[in-house]
Amino acid sequence: MSYETKPGNGALFKNKKKEKANHPDYTGNAVLPDGTEVWLSAWLKEAKDGSKYMSLAIKPKDAKDQPTKAEASKAATPAANNDHPFDDEIPF
């Protein structure tokens, strides 16, 4: 029986693939109350006063299919996107 994440819940697991200092210490997933599935990343950090905390990042699971900010900006600029299907002249 596999584990199914319910809306409003998620789980983090120790990142066994951490190779660099900037890789997350923990990774996992969650389902938001509206049903959106997201990836979770967490880093163990220490504040200036010495208290320890976790810094979190949340990313939609379909984000890998979405363009990066630079790609989206380039696509939004007509001059930068020369392969637009309606760039030809109308003959009449």
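Bear in mind that the values in this text are calculations on the coordinates, not laboratory data. Just so we're clear, the structure is a prediction, and the values are computed from it rather than from any experiment.
How far, in nm, would the chain grow between L32 and K6 when pulled straight, counting 0.36 nm per residue and subtracting the alpha carbon separation?
Contour length minus Cα-Cα distance gives 8.5 nm.
What is the set of long-range amide H partners of N29 at a cut-off below 5 Å, with H atoms built 1.01 Å from backbone N?
Hits under the 5 Å cutoff: A11, L40.
What full-extension length gain, to one decimal in nm, is calculated for H23 and D49 as 0.36 nm per residue of separation minus the Cα-Cα distance? Write down the numbers at each step before the final one.
Details: separation 26, 0.36 × 26 = 9.36 nm, distance 2.39 nm.
Contour length minus the Cα-Cα distance gives 7.0 nm.
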